[in-house]
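Remarks on the structure that follows.
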Amino acid sequence: MNKKSSNTMALAPNTSNKRETVCIFGTGDFGRALGHKMIQSGYSVVYGSRSTQISNLIPKDAEVLGHAEAAQKAAIIIIAIQRQHYNFLTPLAEVLRGKVLVDISNNLKLKQYPESNAEHLAQLLPGSKVVKAFNTVSAWALQSGTLDASRQVFVCGDDVEAKQMVMNIVRALGLTPVDKGSLLAAQEVENYPLQLFPMWKFPIFLSLGLTAFFFFYCVALDIIYTYIYENNNFSFFIAITIPNRVCPVMALILLALVYLPGIFAAIIQLYRGTKYRRFPDWLDKWMLCRKQLGLIALAFASLHVVFTLVTPMRSFASWRTGKGIISQVLNNKTEPLNHTNAWLSDSYLALGILGFFLFVLLGITSLPSVSNNVNWREFRFVQSKLGYLALILCTAHTLVYGGKWFLSPSAYKWYLPNIYILSLIVPCAVLVLKFVLIFPCIDKPLTQIRQGWERNPKYSK
């Protein structure tokens, strides 16, 4: 019966069955938003404030008292104030003794203080049970109800019972508590909201560096070289032509870099003869950001599609087509259809379309809303099997389109290879290594290692 009542309250928080009283120190934006959410979930809320006057901003069902009087009414007190104002809590040490204090504060920058705010609060009030929570949820998300992007609440503390009480509140609010351990983890929890896309830094910097390199590489070969040796000014290539060369090159290389760390991991496991040893840090970080690399590659591939679609609209394309027609008229000669070029043209377009289709499929299945609805085998089939197929198709697309430049001396301006030749180095290396790894004589021991077999069991100790 109790279990049924508890479930009913969780599903319908606005019922008349009230939960325990929770005290909130602080009537700022977050304190008011959290109090409003708690009242909706069935909690009685009392605010501890310097001013006991009722404001229109305070939830109407909440009570406002002085700090000491409010603290006596609840076993759990949420400290919704900044660290620099913690000193007013010291005279309340006896009132707060044995109480659960929930620190929700954040800092303005990383490593602003030598210890975390929660640890500092625990030092000020050693008789209280300090728990860190709610600092990863915004007041706006609580008020608007749009908690999809911030549903997880990291919780840490030294007292197990106190931590469990806070986690029960988190669940009652419709959020997901994540136990991060003791209060020593508080600094990591406080640093989390200050990080700006931590998993995207390496992929973005790598992409920007490679993009800049290939862009200036194309400028040197297609604009500067042509101007110096052929006296032609093709500076307008910077707008469409060069980006439409850089984007597919970046998409292909980044897609290959998504699968290259898996190749390295397999080689390391084969060499060590065990899966129970950590990979090097650089490989760990690389493998963790593969999703971000793949999404950036998809963005470059999408830009390539857009640039390609607008190419016929360019003035340069119209001029070149008209020049060819006029040349045939003046020479009174019609150029016959070159079936070889026609086959090559249709082939690389078809390969590009199929490769981009699989590229988009990979991007869609990497979304949490999609990946959560497929099992591990289905996800692995799409991301691995179809992923390598996409890499093969995109590499073939580039080979068919740029293959004519491999043996053409005119393509090596200043003895430098064409950009499409450079783009094939990494993907071809990945595909060759993968082809070697699927040989039965290599794949069988690798599968055994990944299933737990060890060549030398001492490494598992």
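Structure notes:
- Pairs meeting the criteria (first residue in segment 182-202 and within 21 Å of Pro114 (Cα to Cα) and of a type outside the set (A, V, I, L, M), second residue open to solvent by less than 30 Å² (accessible area, probe 1.4 Å) and assigned to a helix (DSSP H, G or I), beta carbons under 8 Å, at least 6 apart or on different chains) are Glu190/Asn117; Glu190/Ala118.
- Residue check for Gln451: of a type in the set (S, T, N, Q) and surrounded by 15 or more Cβ atoms within 10 Å (Cβ to Cβ): no
- Thr274, sole failed condition from (1) open to solvent by 30 Å² or more (accessible area, probe 1.4 Å); (2) assigned to a loop (DSSP other than H, G, I, E, B); (3) of a type outside the set (A, V, I, L, M, F, W, C): (1)
Conditions tested, residue by residue: (1) closer than 21 Å to Glu190 by Cβ; (2) in contact (Cβ under 8 Å) with a residue 40 or more places away in the chain.
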| position | (1), (2) |
| --- | --- |
| Phe25 | yes, yes |
| Gly31 | yes, yes |
| Gly42 | no, yes |
| Ile58 | no, no |
| Val64 | no, no |
| Asn106 | yes, yes |
| Lys109 | yes, yes |
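- Residue pairs meeting the criteria (Cβ under 7 Å; at least 6 apart or on separate chains; first farther than 13 Å from Gly26 by Cα, in segment 79-93; second outside any helix (DSSP H, G or I)): Ala93/Leu125; Ala93/Gly127
- The set of residues from segment 352-378 being open to solvent by 60 Å² or more (accessible area, probe 1.4 Å), at pLDDT below 85 and either in contact with a helix residue (DSSP H, G or I) (Cβ under 9 Å, 6 or more places away or on another chain) or part of a loop (DSSP other than H, G, I, E, B) (or both) comprises Leu367, Asn372, Asn373, Asn375, Glu378.
- In the set Leu389, Leu433, only one residue is under 19 Å from Phe356 (Cα atoms) and aliphatic (A, V, I, L, M); that residue is Leu389.
- Unmet requirement for Thr321, which otherwise passes all of (1) of a type outside the set (Lys, Arg); (2) in a helix (DSSP H, G or I); (3) in contact (Cβ under 8 Å) with a residue 40 or more places away in the chain: (3)
- Flag if Ile253 is under 17 Å from the mean Cα position of the chain (by Cα), open to solvent by less than 40 Å² (accessible area, probe 1.4 Å) and of a type in the set (A, V, I, L, M, F, W, C): no
- Taking first residues from segment 402-413 that are assigned to a strand (DSSP E or B) and partners that are open to solvent by 40 Å² or more (accessible area, probe 1.4 Å) and modelled with pLDDT of 75 or more, the Cβ contacts under 6 Å between residues at least 6 apart in sequence or on separate chains come to Lys413/Tyr225.
- A single entry from Leu288, Leu303 fulfils the requirement of being at pLDDT below 90, within 30 Å of Pro368 (Cα to Cα) and surrounded by 11 or more Cβ atoms within 10 Å (Cβ to Cβ): Leu288.
- Among the residues of segment 136-165, those that are of a type in the set (Gly, Ala, Ser), assigned to a helix (DSSP H, G or I) and at pLDDT below 90 comprise Ala139, Ala141, Ser144, Ala149, Ser150.
- Here Gly35 passes the criteria (1) over 17 Å from Val130 (Cα atoms); (2) over 39 Å from the mean Cα position of the chain (by Cα) except the one numbered (2).
The values are calculated or read from the model by the stated rules, or taken from the named source; none is laboratory data. Bear in mind the structure is a predicted one, so any value in this text is a computation, not a measurement. Neighbour counts are summed over all protein chains in view; Cβ atoms, including those assigned to glycine, are modelled from backbone coordinates with ideal geometry. For the accessible areas, the whole protein counts, side chains as well, though only heavy atoms, and no ligand, DNA or RNA atoms are used. Shrake-Rupley method; radii C 1.70, N 1.55, O 1.52, S 1.80 Å.
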